1. Mind checking which pairs have a first residue in segment 235-255 that is closer than 13 Å to A175 by Cβ and modelled with pLDDT of 95 or more and a second that is among the basic types (K, R) and open to solvent by 10 Å² or more (accessible area, probe 1.4 Å), Cβ under 6 Å, 6 or more apart or different chains?
2. So, G131, is that one under 15 Å from I306 (Cβ atoms) and surrounded by 24 or more Cβ atoms within 10 Å (Cβ to Cβ) or not?
3. In segment 296-314, is there at least one residue being closer than 19 Å to D154 by Cα and modelled with pLDDT of 95 or more?
4. Filter segment 298-335 for residues that are on the phi > 0 side of the Ramachandran plot and surrounded by fewer than 17 Cβ atoms within 10 Å (Cβ to Cβ); which is farthest from the chain's Cα centre (by Cα)?
5. Under the condition of being of a type in the set (S, T, N, Q) and within 12 Å of T126 (Cβ to Cβ), which residue from segment 274-297 is surrounded by the fewest Cβ atoms within 10 Å (Cβ to Cβ)?
6. Any idea which of L93, L115 is surrounded by fewer than 17 Cβ atoms within 10 Å (Cβ to Cβ), under 18 Å from I31 (Cα atoms), in contact (Cβ under 8 Å) with a residue 60 or more places away in the chain and of a type outside the set (G, A, S)?
7. Check segment 188-202 and report whether any residue there is over 25 Å from C300 (Cβ atoms), among the polar types (S, T, N, Q) and open to solvent by 60 Å² or more (accessible area, probe 1.4 Å).
8. Say whether the condition of being in contact with a Ser or Thr (Cβ under 6 Å, 6 or more places away or on another chain) and of a type in the set (G, A, S) is met by at least one residue in segment 184-197.
Amino acid sequence: MRVVTLKAPGGLDNLVVEEREAPGEPRPDEIRVRLHASSLNFHDYGVAIGAIPTADGRIPMADGAGVVEAVGAGVTDFSVGDAVVSTFFPTWLEGPARVGDFSTTPGDGVDGYALESVVRPATWFTHQPKGYSHEESATLTTAGLTAWRALVADGGLKAGDTVLVLGTGGVSIFALQFARMMGARVIGTSSSEEKLERLKAMGAEHVIHYRQEPEWGRKVKEITAGVGVDHVVEVGGPGTLPQSIEAVRIGGHISLIGVLTGRQGDIPTAKLMAKQARLQGLIVGSRRQQMEMIQAIEACGMKPLIDSRFALEEIAAAFRHQESGKHFGKICLSW
């Protein structure tokens with residue numbers, strides 16, 4: 001079978017496609033999955049270029065979707081032929097957050113899903129949403145669940161709330177879709193006029209060109225009649241967090257998800273305190289939250305936005321497309 005590995009110390013030219021023996025029969029409580037798709041995330045990109053060090057020969061990619069080929073003794077959740085999708089934290093099944101690093105994350109601390117077949121514990125997967133393709137399902141593991149947890153599981157999103165999404169990356173687009181699905185209003189930002197128009201086409205009521213409006217937090221307050229938004233999906237980190245604090249309403253909720261602008265910076269803590277806002281860091285979510293997200297998706301018929309598809313052996317080209325920043329929606333690998 002085909003397998004992609006990453007040679008240390010990383011770099012897109014160190015992604016290698018090779019042939020290996022297919023895995024054997026699953027042991028008790030395991031399943032064998034014939035994989036067909038993955039999707040690219042910022043974390044995967046960090047691993048691939050060597051910014052997030054991992055073991056020599058690591059198989060990359062946190063997201064994996066495919067079909068169950070065999071089940072081991074004791075497996076009751078899945079049957080042969082079921083369409084399944086992986087989980088980001090295989091050992092965090094439910095309850096409060098229990099993992100604070102990536103030591104168990106596929107494609108980083110352990111081997112991921114850039115290959116044709118795997119044998120894994122059954123609890124490392126959930127069912128795909130009914131009617132989803134493998135590519136669509138593969139977008140859920142990281143980006144989809146991060147947005148769902150930020151807004152619904154942790155944020156308590158309800159109809160009529162106002163949500164601010166920053167940029168047009170995978171998490172932000174999912175956040176827009178979930179917010180609209182739940183009956184919330186959305187304000188979106190981008191530095192591209194074309195992408196701002198696409199945000200509006202997807203249901204954003206207001207959009208802000210953040211290069212033309214560097215004090216975009218104030219612009220958000222102006223749009224909301226001085227109140228601010230209920231939720232901010234904060235993917236930028238220290239470079240954008242001060243504006244997000246300006247934009248959030250008193251008693252609102254900021255989900256700190258990304259560090260695209262760096263890992264350290266000055267934060268207006270007095271303003272955050274005065275706002276009495278909840279600033280919560282989060283990394284993806286649990287298997288239970290993924291299952292609840294999929295239930296909601298099936299009930300509402302939401303479909304993810306896919307920008308482009310690449311073959312497994314084109315993985316380096318897929319990352320270069322991601323690196324260009326030209327995409328809108330998810331980039332998928334399909335095989």
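The values are calculated or read from the model by the stated rules, or taken from the named source; none is laboratory data. Since the structure is predicted, the reported quantities are computational estimates derived from the model, not experimental observations. A quick note on method: Cβ atoms are made from the backbone with ideal geometry, for glycine too, and the neighbour counts reach across all protein chains shown. Accessible surface is based on the protein model in full, side chains and every heavy atom, while ligands, DNA and RNA are left aside. Shrake-Rupley method; radii C 1.70, N 1.55, O 1.52, S 1.80 Å.
1. What qualifies is H253/R278.
2. Answer is no for this residue.
3. Checking segment 296-314: at least one residue is closer than 19 Å to D154 by Cα and modelled with pLDDT of 95 or more.
4. Our first condition is that a residue be on the phi > 0 side of the Ramachandran plot; within segment 298-335, this holds for 301, 325, 329.
This time we only want the ones that are surrounded by fewer than 17 Cβ atoms within 10 Å (Cβ to Cβ), so: 301, 325.
Working: G301: 19, G325: 16 Å.
So the residue we want is G301.
5. Across segment 274-297, the extreme among qualifying residues is Q295.
6. Within the list L93, L115, the selection yields L93.
7. Checked segment 188-202: no residue is over 25 Å from C300 (Cβ atoms), among the polar types (S, T, N, Q) and open to solvent by 60 Å² or more (accessible area, probe 1.4 Å).
8. yes
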